[in-house]
Amino acid sequence: MMVPMQTILITGTSSGYGLETALHFLDKGWNVIATMRRPDASLFPASPRLRLLPLDVTSDESIAATVAAAGPIDVLVNNAGIGIVGAFEATPMAHIRKVFATNTFGVMAMCQGVIPQMRERRSGMIVNVTSSVTLAAMPLEHFMF
């Protein structure tokens with residue numbers, strides 16, 4: 001019996017873990033849907049198994065358009081994320097809200113976007129990627145008054 005080709009959609013593939021994850025699965029023969037805010041084909045080798053789609057995980061409209069264009073998704077990798085560098089008290093609340101919109105609400109919105117099709121097929125997997133940087137103390141992190 002021939003196993004159907006698996007399709008993986010990965011968010012945040014413009015650099016880092018997202019880019020490497022997309023390249024890995026492409027190398028393993030998967031259909032890869034690589035997403036980023038501004039798609040850049042020069043990051044990837046040419047392949048009929050690769051599709052680049054624009055995606056802003058903070059936009060419900062962008063998520064809906066990407067999920068519709070992607071078709072059936074076997075695996076979603078929520079990798080898109082942004083960080084905060086510097087002293088917390090010096091970080092503008094607008095940036096903190098942007099971090100939450102991307103790293104928390106964006107993950108939830110992407111899950112809501114793909115779960116219905118996975119539930120209908122009774123098949124699928126979601127992998128949420130996060131940072132381990134919070135496991136170690138960073139400069140300016142400790143408060144002493």
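We did not get these values from a lab; they are worked out from the coordinates using the rules stated. Note that the coordinates shown come from a computational prediction; the quantities given were computed from them, not determined experimentally.
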Legend entry - Max mean-square fluctuation residue, GNM over the chain, Cα-Cα springs under 10 Å, options VAL57, VAL127, VAL77: VAL127
Legend entry - Net lengthening on full extension, ALA46/GLN117 (0.36 nm per residue, minus Cα-Cα): 22.7 nm
